[in-house]
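The values are calculated or read from the model by the stated rules, or taken from the named source; none is laboratory data. A quick note: this is a predicted structure, and the numbers were derived from the prediction, not measured. A quick note on method: Cβ atoms are made from the backbone with ideal geometry, for glycine too, and the neighbour counts reach across all protein chains shown.
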Amino acid sequence: MLRLLYSATTIALNGYTANKRNAMSKPLILDLDCVLADISGLMREAFYAATGRDIPVSRWHQYHVDEIYGTTFDVLLNALVEHEVLERAKPYSGAQEAVGRLRERFPVIVCSNRSFHPDAQRVTERWLCDHGFNVDGIIVNTHAKCKAEACSPYGEQFSFIIDDHVDNIRQALAGGRVDRGGLIRQPWNKHEPQTQLMQVYSDINACASFLAEVSVLEPADLSVNRGV
């Protein structure tokens, strides 16, 4: 949820790499924090400890919460690391099963802009493994780089990007390398409208259920109930 300026790093899990998957199935780019990992409550606690301001997550009306807390990026980033927020987060209920359903149709590449953490590679890989997630690769990325570009080791074109930050989705779609986007509803994106290229889902479970039911996503498919 913070703007970061670090380089991208690729990690493969469970022995999978992009060239071992079905060439006819374009990979799906999947965010981690606030999509799979229920992290916002721990962020609130860490930010309160760092700033003395206790702001409910429901009032995080924009993605860049440093502006809401009236402090700098470094203060909030350091708080996330100091309070081991990434390590202590728990998965949303049913998230592992949702990823499994997605992997029945697409290679799933987790791409997270969390490289502010000095040990982001190990922390991210261990968290996914410890919580029983099976994925086809990990990219530890930065907000300075388009996620579709960062995921290029796994392919040139991607079926979907699923994220809670609308700018990540718009950037990937604008580059022409991703077919469609899926926005996971959170307080900071609650006013973002659904479009023909970007569906809105209540959570990762609704997203996986919808994508499992449709074969070709045309504009008419946007009328399907996604639990929003």
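List of remarks:
- Hey, Thr71 modelled with pLDDT under 95, at negative phi and among the hydroxyl-bearing types (Ser, Thr, Tyr) or not: no
- Within the range 127-177, the residues that satisfy the criterion of being small (Gly, Ala, Ser), more than 27 Å from Pro187 (Cα to Cα) and not in a strand (DSSP E or B) are Gly132, Ser152, Gly155, Gly176.
- Pro153 in contact with a strand residue (DSSP E or B) (Cβ under 9 Å, 6 or more places away or on another chain), on the phi < 0 side of the Ramachandran plot and assigned by TED's automatic domain parsing to the domain that holds Cys207: yes
- Residue match in the range 173-186 (condition: at pLDDT 95 or above, in contact with a His (Cβ under 8 Å, 6 or more places away or on another chain) and under 27 Å from His64 (Cβ atoms)): no
- Options Val110, Val35, Val99: the member that is at pLDDT 95 or above, assigned to a loop (DSSP other than H, G, I, E, B) and closer than 24 Å to Leu128 by Cβ: Val35
- Test for Tyr92: is it of a type in the set (Phe, Trp, Tyr) and within 15 Å of the chain's Cα centre (by Cα): yes
- For the range 39-63, the set of residues classified as within 20 Å of Asn141 (Cα to Cα) and either surrounded by fewer than 16 Cβ atoms within 10 Å (Cβ to Cβ) or of a type in the set (Phe, Trp, Tyr) (or both) consists of Tyr63 only.
- Among all residues of the range 74-85, there is none that is within 24 Å of Val200 (Cβ to Cβ) and not assigned by TED's automatic domain parsing to the domain that holds Ile139.
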